[in-house]
């Protein structure tokens with residue numbers, strides 16, 4: 001694997017971390033104060049920073065470092081995550097995403113915005129902004145140094161004149177409550193200068209290590225030169241750590257996973273025979289307490305270089321005030337290393353941790369697409385083989401038939417399993433909309449709250465990838481046109497904060513996505529007048545409310561009074577309709593003036609296969625999607641009733657349903673067929689109610705592979721797609737909604753919804 005492939009994996013992981021970051025921040029914005037949520041947000045930024053440092057992405061590292069520092073203040077309860085604080089963090093998450101995209105695609109980021117957010121984050125970390133907690137902890141001193149040793153106490157030094165300086169994490173452990181009997185590990189952590197230049201911070205790594213258990217730590221300054229030889233970019237300190245934990249060696253090494261190439265790290269399990277475990281028995285060192293929480297408010301905020309400078313200052317100060325060396329010599333003499341038993345315990349703990357974690361692999365999407373195409377061909381060939389056997393074997397009980405039935409079942413299971421690989425939740429697309437709402441709300445001066453439901457609803461990856469564009473246009477339209485300004489909402493007796501609700505759910509083998517707002521609704525008079533002014537409809541046109549609402553989907557239509565950065569060019573909703581149609585979907589509008597609008601998109605779960613009813617109409621073979629069929633029935637003459645000149649009704653259980661001649665609608669024949677001689681398919685369309693589609697005969701129910709007509713030929717009105725049958729013939733897949741719409745008097749070409757797929 002070359003470096004480019006590794007880098008691509010990093011950016012894929014960044015997408016996951018950014019999604020986790022925004023999801024966690026939104027939960028916190030809704031009042032979630034679960035420590036695990038806060039930790040997940042912190043880990044996301046920390047992981048991005050660590051990976052970016054490994055690839056030398058300095059801008060991304062610098063911003064992530066400041067962001068991480070502020071989040072660490074929240075994590076340590078030094079900063080209250082109020083609405084104002086989270087607003088800054090959500091904007092910071094957006095900039096972090098922009099920096100990641102710029103690093104991947106070579107673009108640029110608004111430097112003034114990023115610099116402004118850096119200042120805001122630093123101000124938050126320094127406690128400069130007010131928070132609901134009145135008694136915020138005061139900033140601590142640079143270091144807690146032990147009292148100076150008596151004059152008679154010797155001060156052991158090394159050749160450079162400095163002492164080894166042990167220090168402990170006083171804020172992250174309780175010696176009085178320390179657990180006993182836990183496995184102990186000796187850790188040596190020696191950073192190289194590359195670790196700091198890539199944005200990592202030794203202090204933060206050690207703090208994360210301390211959270212695994214009880215820890216004793218010593219800072220070794222053997223390699224620290226005199227001031228005249230000091231290189232501010234170099235790394236002179238290293239740390240000897242003794243850690244008691246039941247998490248195992250893998251958990252220890254995972255703390256350093258983004259820094260392992262930029263440091264020398266050794267982890268050795270030990271088992272004591274009695275007394276306390278101490279490290280580095282051959283080097284007597286003086287215990288000097290060191291409060292690492294100072295970097296929450298000082299060094300970490302100022303950046304990596306400042307953090308290293310504080311380490312140096314603390315070391316020099318502590319060296320002149322070191323206490324009795326004999327205390328550590330006594331502790332060091334108690335250590336007895338028996339590595340084998342502890343190593344076995346660590347391996348057992350690591351296995352237990354791994355047992356509960358799910359395993360995943362990353363696969364290139366092209367490989368999955370190739371697999372799906374092959375499965376589709378397998379389905380077609382299986383159907384052809386079955387057709388051949390049926391035509392040549394009249395007994396129906398041969399072993400070949402039994403084998404074919406098993407093959408059909410296995411083929412179906414393979415197809416279902418492969419399709420499940422591509423099925424993914426709509427959550428990533430929904431999360432992107434949160435940022436769009438924030439940005440448009442800021443630009444329009446409105447207060448908007450986005451509520452998402454059904455984020456875990458799964459749909460084919462192809463559908464998900466193409467959902468972002470239409471949803472973006474719809475969100476912009478809802479915020480700009482639908483939601484009123486706070487002043488108008490207050491005057492109407494509404495909450496000044498508008499609400500946009502994005503919902504996903506499964507229904508009848510399709511996915512429904514609803515976008516609802518509680519705004520002013522569609523001003524139909526304004527929409528109609530705009531359409532007349534733009535010569536989109538004649539002035540004397542008699543339109544229903546539904547038809548007026550659908551005028552917003554016409555190319556070039558816009559109700560904006562002037563062109564702005566958000567709207568006014570009349571290309572938004574037109575793009576929405578075309579995008580939804582290209583996915584084999586349809587979109588409907590319901591609006592109540594003064595109360596808001598609801599846009600409902602109905603989309604197929606997959607664009608690869610469907611279960612269909614194979615029928616014959618005027619000598620042509622068609623496939624009707626099974627999800628649209630309610631029931632089939634054989635019409636009787638007494639149940640058929642004429643209505644008007646060209647319309648007929650069929651009586652079904654004391655109710656009347658319009659009867660639609662599919663052959664006549666599709667111009668397969670010039671006259672209407674006799675319903676008694678055919679079969680009626682009772683179907684339910686989106687927004688069109690129930691209709692009885694009249695066909696000549698039913699051949700059977702089959703699973704068919706969808707082949708795009710537009711990609712291979714051109715669009716055919718009333719036809720959604722095509723497929724290949726078992727006998728090798730091409731069959732057309734009926735667009736049920738287009739046919740139903742045409743039966744209501746609409747032009748068949750105007751009903752090109754491509755909506756039957758799925």
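The values are calculated or read from the model by the stated rules, or taken from the named source; none is laboratory data. Keep in mind that what you see is a predicted model, and the values were worked out from it rather than measured. All Cβ positions, even for glycine, are placed from backbone atoms using ideal geometry, and neighbour counts span all protein chains on display.
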Just for the stretch 595-634: of the residues that are within 34 Å of the chain's Cα centre (by Cα) and part of a loop (DSSP other than H, G, I, E, B), which one is nearest to residue 651 (Cα to Cα)? 605
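How many of the residues in the stretch 416-438 are farther than 22 Å from residue 466 by Cβ and touching a helix residue (DSSP H, G or I) at 6+ places or on another chain (Cβ under 8 Å)? Reasoning before the result, please.
To start, the set of residues in the stretch 416-438 that are farther than 22 Å from residue 466 by Cβ comprises 416-417, 438.
Still in the running and touching a helix residue (DSSP H, G or I) at 6+ places or on another chain (Cβ under 8 Å): 438.
Total meeting the criteria: 1.
Let's see how each residue does on (1) in the same structural domain as residue 205 (by TED's automatic domain parsing); (2) more than 15 Å from residue 88 (Cα to Cα); (3) surrounded by fewer than 16 Cβ atoms within 10 Å (Cβ to Cβ):
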{"residue": "18", "(1), (2), (3)": "no, yes, no"}
{"residue": "21", "(1), (2), (3)": "no, no, no"}
{"residue": "35", "(1), (2), (3)": "no, yes, yes"}
{"residue": "41", "(1), (2), (3)": "no, no, no"}
{"residue": "51", "(1), (2), (3)": "no, yes, no"}
{"residue": "58", "(1), (2), (3)": "no, yes, yes"}
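This table checks each residue for (1) within 18 Å of residue 19 (Cα to Cα); (2) modelled with pLDDT of 90 or more; (3) in the same structural domain as residue 595 (by TED's automatic domain parsing); (4) in contact with a strand residue (DSSP E or B) (Cβ under 8 Å, 6 or more places away or on another chain).
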| position | (1), (2), (3), (4) |
| --- | --- |
| 444 | no, no, yes, no |
| 447 | no, no, yes, yes |
| 456 | yes, no, yes, yes |
| 462 | no, no, yes, no |
| 467 | yes, no, yes, yes |
| 480 | no, no, yes, no |
| 502 | yes, yes, yes, yes |
Within the stretch 608-647, the count of residues that are within 15 Å of residue 676 (Cβ to Cβ), surrounded by 16 or more Cβ atoms within 10 Å (Cβ to Cβ) and touching a helix residue (DSSP H, G or I) at 6+ places or on another chain (Cβ under 7 Å) comes to 2
Flagged in the stretch 528-547 as in contact with a helix residue (DSSP H, G or I) (Cβ under 7 Å, 6 or more places away or on another chain), at pLDDT below 85 and not in a loop (DSSP other than H, G, I, E, B), in numbering order, are 531, 545
For the stretch 257-270, what are the residues that are touching a helix residue (DSSP H, G or I) at 6+ places or on another chain (Cβ under 7 Å), modelled with pLDDT of 85 or more and under 21 Å from residue 6 (Cβ atoms)? 263
Please pick out the residue among 714, 723 that is touching a residue at least 24 places away in the same chain (Cβ under 8 Å), farther than 30 Å from residue 656 by Cβ and either out of contact with any helix residue (DSSP H, G or I) (no Cβ under 7 Å at 6 or more places or on another chain) or assigned to a loop (DSSP other than H, G, I, E, B) (or both). 723
Of the residues in the stretch 449-475 that are crowded, with 20+ Cβ neighbours inside 10 Å and over 30 Å from residue 372 (Cβ atoms), the one that is farthest from the chain's Cα centre (by Cα) is 475
Looking at residue 32, is it part of a loop (DSSP other than H, G, I, E, B) and either more than 22 Å from residue 456 (Cα to Cα) or within 21 Å of the chain's Cα centre (by Cα) (or both)? yes
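Could you look through the stretch 182-202, keep only residues that are in a helix (DSSP H, G or I) and out of contact with any strand residue (DSSP E or B) (no Cβ under 8 Å at 6 or more places or on another chain), and pick out the one that is surrounded by the most Cβ atoms within 10 Å (Cβ to Cβ)? Let's see the steps before the verdict.
Keep residues of the stretch 182-202 that are in a helix (DSSP H, G or I), which gives 193-197, 202.
Next cut, out of contact with any strand residue (DSSP E or B) (no Cβ under 8 Å at 6 or more places or on another chain) only: 193-194, 196-197.
On the way: 193: 15, 194: 16, 196: 21, 197: 17.
Filtering the stretch 182-202 for residues that are in a helix (DSSP H, G or I) and out of contact with any strand residue (DSSP E or B) (no Cβ under 8 Å at 6 or more places or on another chain), the one surrounded by the most Cβ atoms within 10 Å (Cβ to Cβ) comes out as 196.
Which residues, counting only those in the stretch 584-594, are under 32 Å from the mean Cα position of the chain (by Cα) and part of a strand (DSSP E or B)?
Going through the stretch 584-594, the residues under 32 Å from the mean Cα position of the chain (by Cα) turn out to be 584-591.
586, 587, 588, 589, 590, 591, listed by residue number.
When you go through 209, 224, 205 one by one, which is the residue that is within 23 Å of residue 60 (Cα to Cα) and crowded, with 18+ Cβ neighbours inside 10 Å?
Details: 209 fails: within 23 Å of residue 60 (Cα to Cα); 224 fails: within 23 Å of residue 60 (Cα to Cα).
Exactly one of 209, 224, 205 is within 23 Å of residue 60 (Cα to Cα) and crowded, with 18+ Cβ neighbours inside 10 Å, namely 205.
Filtering the stretch 44-73 down to residues that are assigned to a loop (DSSP other than H, G, I, E, B) and touching a helix residue (DSSP H, G or I) at 6+ places or on another chain (Cβ under 8 Å), which residue is nearest to residue 23 (Cα to Cα)? First the steps, then the outcome.
Going through the stretch 44-73, the residues assigned to a loop (DSSP other than H, G, I, E, B) turn out to be 55-57.
Those left that are additionally touching a helix residue (DSSP H, G or I) at 6+ places or on another chain (Cβ under 8 Å): 55, 57.
On the way: 55: 26, 57: 24 Å.
It comes out as 57.
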Please give the number of the condition residue 498 fails out of (1) modelled with pLDDT under 85; (2) buried (at least 20 other Cβ atoms within 10 Å of the Cβ). (1)
Filtered residue count, the stretch 662-711, keeping only those that are at pLDDT below 80, assigned to a strand (DSSP E or B) and at positive phi: 1
